[in-house]
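Asks: Sharing a structure here in C-alpha cells format.
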Amino acid sequence: MKFALDTGIAGLAKKGEELCGDVVEIKKGQNSTVVVLSDGLGSGVKANILATLTSKIAANLLAKGVSLPEVVHTITETLPVCQTRKIAYSTFTVIQIDEEGRFQATQVDNPPVLLVRKSEIIPLTGKVKNIAGRNIMETSLELSEGDIIILVSDGVTHAGIGALLPLGLGIDGLIKILGNKINLLANAQEIAEEILEHCETFSALEPGDDITVVVLKLRKPVRGIMLSGPPLSEKDDSLVVEEFFAGERRRVVCGGTTANIVARERQVNLAVDYFYDDPLIPPTGSLPGVDLVTEGIITLTKVVELLEKGAVHVKNKKDGASRLLKWLLECDEIELMVGLRVNPAHMKGDLPFHLGLRATLLQRLAGLLSGRGKRVHIKWV
Amino acid sequence: MEVNVCVGSSCHLKGAHAVINKFQEALGEEPVKIKLGASFCQGRCTEGVIVAIDGVVYERVSPDDVPSLVEKHRGGCGIGD
C-alpha cells in the first residue's frame, strides 16, 4: 500500500427539507476506493431516492469489478429522464482511487472536481464523451502524497443565490476560498466542514439547495502492530518482543500476561490503572514506546462486538475497548502478532472462558477490519 | 499500606472491580494511608481475585473481605513488613 485515503464528508439539506437530495457513497475495496456523489433532481424525498439509486448502483457495480465507463453507461441508459423538464433525474460524479495513487473520475453534469496540489487548485478537465445523450467528462491522473480531491454538489457553487451572492459562489469563488480562507493542512473532515460553513454563511444560514462536500486526502498509510498473547514457546519471548518493537509503526499490547512479558523483556515498568471507566471492561495500562496496553480476551470480545454493530462512536469514550477500537480504526495497515501459548493458570479448571478463544477472536477481528478497508495481516507466534 | 489488585482477565471476571471499589471506600475512611494500585495477571487465575497487601498475597478475595484485610494491615503490621 503506497497511499491511504483520508475521507471527509459534510452536508446540509435545503432549508425546510428533512432529507438531503445529495447522496455520497464510499466503498473501500481491497485495492481501491470508489466515491460516488449524486445529486437528485429537485430536493427532499424524491431527490434523495433518485440520488440514492444512482450512487448505490454505481458503487455496487464498481465494487463488482465493472469498469467505470460501463457503469456510467448503465446508469445513463437506465435512469429515467424527467417527463416535464426533459432532463435526467440525477447528476453524478464517480471517482476511483487505488493504493498506487491512480485516479479516475467521471463527471456527469456536476460542478468540476477540484485537485489541490501543493498551493495550486485545479478544476479537473478531460475528454468529453457523449453517452446516451449526456455529456460525460473523463479524467485520469496519477496522484501523489498530500494531494487533495474535492467533490461538491451544485449547492456549493450556487451558495449565496438569493442571499449574499447574487450569482452564487461559483467554482471560481470556491477556489478563492480554498486558497485564502481554508487550512488545507487540516484533516479531510475538517476541510469539508469548513467549506460547508462558508457556504452556509453566504446563504445567510438558509441554503437554497442541498449542499454536499466530499474531501479526499492522500496520505502515507498509518502502520500499526498489535501483540496479543504470549508466544507458543517461552524461548521466543525475547525475539517476539524485539520484532514487535522493530520498524516505524504504532504499537498496542493486548493482554495482561503479554504486557508483563514485554515489561520483563524490555526491563521497563508496566503501570496498570485501577480506574474503571466501564465496569464491564478491565482497566488499561501503559508501557514506554507503546500507545496503549489493554487486557486481552474481554477487551477484544468487546471490540469485535462494537465492530459487528456497525456504526462506531468511540470519540469520547475512555474504556480499554473503545480506545483500542479507535486505535485500530486510525491505522491503515495492521499486523496482528498473535501468541498461541495458553496461560498455565487458565488451565487449572473453572475459568469462565474458552481456551483457544484468542485465535478465533483475532481471526474475526481481522475479518471485520478488512471489511473496513484495512489491510490486516495475522502472524502466529 | 500498599494494596495491589489484579485486574487481569480472570480476576476481572471474578469481581476485581467490586474489590477495588471496596478498597476505594476504605481509602476515605481510614486514617492509615492506603496506596491503591492494580496489576495484570499474576499467574494464579483460578485463585482470583488476587490481592497483594504490602507484599502479602491473598487469594479469593471478595469485597466482604476488604474491611478485615485493611484491619489486619493497619499500622504497617502486615507480615510482609
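The values are calculated or read from the model by the stated rules, or taken from the named source; none is laboratory data. From a predicted model like this one, the values you see are computed outputs, not experimental measurements. Positions of Cβ are backbone-derived with ideal geometry, glycine not excepted, and every protein chain shown enters the neighbour counts.
Asks: Restricting to segment A:234-257, and then to whatever is within 14 Å of chain B (Cβ to nearest Cβ) and touching a Cys at 6+ places or on another chain (Cβ under 9 Å), can you tell me which residue is surrounded by the fewest Cβ atoms within 10 Å (Cβ to Cβ)?
Replies: A:THR257
Asks: If you take the residues in segment A:217-229 that are crowded, with 21+ Cβ neighbours inside 10 Å and at pLDDT 95 or above, which one is farthest from the other protein chains (Cβ to nearest Cβ)?
Replies: Restricting to residues being crowded, with 21+ Cβ neighbours inside 10 Å and at pLDDT 95 or above, the top hit is A:ILE225.
Asks: Moving to a separate point now. Filter segment B:6-22 down to the residues that are closer than 14 Å to A:GLU295 by Cα and either crowded, with 24+ Cβ neighbours inside 10 Å or more than 7 Å from chain A (Cβ to nearest Cβ) (or both) and list them by number.
Replies: B:CYS6, B:VAL7, B:GLY8, B:SER9, B:SER10, B:CYS11, B:HIS12, B:ALA16
Asks: Residue under question is A:LEU37, and the condition is that it be in contact with a Phe, Trp or Tyr (Cβ under 8 Å, 6 or more places away or on another chain) and either touching a residue at least 60 places away in the same chain (Cβ under 8 Å) or over 26 Å from A:ASP209 (Cβ atoms) (or both); does it hold?
Replies: In short, yes.
Asks: Within the bounds of segment A:194-217, is there any residue that is in a strand (DSSP E or B) and free of Cβ contacts under 8 Å to residues at least 40 places away in the same chain?
Replies: no
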